[in-house]
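Student: One structure is given below, represented as structure tokens, and several questions about it will come after.
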Amino acid sequence: MSGAPDSNQTSHAQSTYSTQTALHDVSNTQPQTQTLMQQQQSQHTKNQDQCQNWQKVKNKKRIRNSPENTNVRKRQTSINDYWLNSPVETSNIYERLNNDESTDSGKINDNNTGKTVIKAPPIFIEGVENIIPLKFLLDEIAENQYTIKILRNNQVKIQPLATEKYISIMDALKKKGTQGFTYQSKTDRKFKVVLRNMHPTIDLAELKEEIEAKNHKVISITNILHAGTKKPLPLFFVEMKQKKNNKDIYSINKLLNIIVSFEQAYKKREIPQCTQCQTYGHTKNYCFKGPRCVKCAGKHMTNDCPRREKFAEVKCYKCERNYPASYKGCEVYKQLQQKLYPRLRPKQKMGQTDKSIHQKQQTNITAARQIQPYTSNNTYAQISKKNIESFEQQVCDNNNNVEQPAALTTEQQGTNKIEELILQLISKMDTMLNLLAAMITKMN
């Protein structure tokens, strides 16, 4: 028993040996990891030193200018006094040094405040070859309170966003001698209606008081005359001031104990023509363009024309033909009229319509006379069969008695083909009727 080793002692000896070997291995690995970390740190410091010693190399690629910035030599243009003409191009080597961009003012438009702003009429300006001075003027008067739209033929449309800005813009443009036109403001327009079924001898002052008693502001009342006889008609043209309750006048059906009715004024299908510049689309009161004579197309008003008497050398300003600018047969006027107010159907003369109606009436009368009442007791099949037989017999008799011409015309050939087709259809209908009659008899 004393010579054999104990199991507990052997296991204890093995465990102590394993722990000693593990501690020895750890003690050997620690200096290796420290040396690796020191090597990595030294390499990182070397890389940083190299990065700091790098130099920036300038780009050797040639800078190319855009086509807009290239200076192209042009011939000097003629200088004109109109402030919106294109400027004379000059070169300045220090131009790029003065490119200080202007900052926004931060103002809010009236549309964002929630207030109801009445839309101002547009302003059309012509001859705009350079828009920079125009935009500079508009920015001074109405900053962020307008819009610009570029049109054809050097024309520009300015839309002010408020009526106050519209008035200030118009004053500034007229002081500069700008060429253009505009329209009447909606606030200045009159509300126009037609009063019907009122006697022409009525007192106009009394009628005006009666209408104003209905909470309407009347400006003028005019009796309408007949175009041909110039006799007064039971119609009155009423002009009123713009108010919110203008459309309530259509509900009035009695004035001064007389049954009446109000209607909308008839709008003419004609293009307005300016008597100052002789162009279409606007009127003289809202035109600030240069004057043109209606007779000789000169740069003066028609009243100031030196030719007071009639002369044959009349000239139209728009098409330069031998008639005045107010002639309705002008080609420019016809094209605009057809474009804006096209005809719904072609125009017919009274003689042609009466003749066609008379012809239709005569054909209806002859067709009614040929109709005979039905008095036979036979069936439809029997009557159709008799009609076919009589028709075939009549055709045979005509062929035997009348000699056919040597050559038939195209119209005769067409009628013969139609007759043959009709005969075939009648025979087929006869067979169908016979079949239907047989089926009906079997069913009964």
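Student: For the pair residue 231 and residue 185, how long in nm is the line joining their label points, each one 7 Å along Cα→Cβ?
Tutor: Distance between label points: 4.6 nm.
Student: Now for a different question. With θ set to phi - 60° and the Karplus curve 6.51 cos²θ - 1.76 cosθ + 1.60, what are the ³J(HN,Hα) couplings of the stretch 185-190 in order, to the nearest whole Hz, using x for Gly and Pro?
Tutor: For the stretch 185-190, the Karplus-derived couplings read 6, 5, 5, 8, 6, 9 Hz, x marking Gly and Pro.
Student: In nanometres, what is the gap between the two model label sites at residue 131 and residue 432, each 7 Å from Cα along Cα-to-Cβ?
Tutor: 7.2 nm
Student: Separate question: Pairs to check: 310/339; 230/339; 267/328; 241/289. Give those whose C-alpha atoms are more than 26 Å from each other in this structure.
Tutor: 310/339; 230/339; 241/289
Student: What per residue convex hull volume, in Å³, comes out for the stretch 191-264 when only alpha-carbon positions are used? Kindly include the intermediate steps, with their values, before the conclusion.
Tutor: Values: hull volume 6.0 nm³, N = 74.
Value for the stretch 191-264: 81 Å³ per residue.
Student: Using only the Cα atoms of the stretch 112-200, build the gyration tensor, take square roots of its eigenvalues as a ≥ b ≥ c, and label the shape rounded, prolate or oblate: rounded if a/c is under 1.5, else prolate if a/b is larger than b/c, else oblate.
Tutor: The shape class here is prolate.
Student: Which loop-located chymotrypsin sites (Phe, Trp or Tyr not before Pro) does the stretch 177-286 contain, where loop means any DSSP state but H, G, I, E or B and the Cβ has at most 13 other Cβ atoms within 10 Å?
Tutor: Details: sites: 181, 183, 191, 236, 237, 250, 262, 266, 280, 286; in loops: 183, 266.
In loop regions of the stretch 177-286 (DSSP not H, G, I, E or B), the sparsely surrounded chymotrypsin sites (Phe, Trp or Tyr not before Pro) are 266.
Student: Something else now. Where in the stretch 129-165 are there trypsin sites (Lys or Arg not before Pro) that are in a DSSP coil and have at most 14 other Cβ atoms within 10 angstrom of their Cβ?
Tutor: Sites meeting the loop and neighbour criteria: 152.
Student: While we're looking at this one, here's another question. When all alpha-carbon pairs of the stretch 167-213 are counted, what percent fall beyond 17 Å?
Tutor: That tail contains 61 percent of the Cα-Cα pairs.
Student: Could you go through the stretch 313-324 in sequence order and give the Karplus-derived ³J(HN,Hα) for each residue, using 6.51 cos²θ - 1.76 cosθ + 1.60 with θ = phi - 60°, rounded to whole Hz, and x for Gly and Pro?
Tutor: Per residue, the Karplus-derived 3J(HN,Hα) values read 8, 7, 9, 7, 6, 7, 10, 6, 9, 8, 6, x Hz.
Student: Right, something else. How much length, in nm to one decimal, is gained on full extension between residue 194 and residue 343, taken as 0.36 nm per residue of separation minus their Cα-Cα distance?
Tutor: Residue separation times 0.36 nm, minus the Cα-Cα distance, leaves 51.1 nm.
Student: Next up: Taking neighbour counts of Cβ atoms within 10 Å as a proxy for exposure, in what order, fewest first, do 168, 251 appear?
Tutor: The fewest-first ordering by Cβ neighbours comes to 251, 168.
Student: Grab the eigenvalues of the alpha-carbon gyration tensor for the stretch 205-244, scale each by 5, take roots, and send me the semi-axes largest first in whole angstrom.
Tutor: Rounded to whole Å, the semi-axes are 24, 11, 6.
Student: Only sites in a loop by DSSP and with at most 16 other Cβ atoms within 10 Å count here; which trypsin sites (Lys or Arg not before Pro) in the stretch 191-255 make the cut?
Tutor: Those that pass, being in a loop and sparsely packed, are 214, 217, 230, 241, 243, 244.
Student: Moving to a separate point now. If each residue's Cβ is checked for other Cβ atoms within 10 Å, how do 308, 189 rank with the fewest at the top?
Tutor: Going from sparsest to densest Cβ surroundings: 308, 189.
Student: Could you tell me the convex hull volume per residue, in Å³, taken over the Cα atoms of the stretch 268-344?
Tutor: Cα convex hull per residue, to the nearest whole number: 101 Å³.
Student: What relative contact order, as a whole-number percentage, does the stretch 112-182 give when Cα pairs under 8 Å and 6 or more residues apart are counted?
Tutor: Details: 88 pairs, mean separation 31.8, N = 71.
Over the stretch 112-182, the number comes to 45 percent.
No lab work stands behind these numbers, since they all come straight from the coordinates. What you see is a predicted model; the values in this text were computed from it and never measured. With ideal geometry, Cβ positions are generated from the backbone for all residues, glycine too; neighbour counts draw on all protein chains shown.
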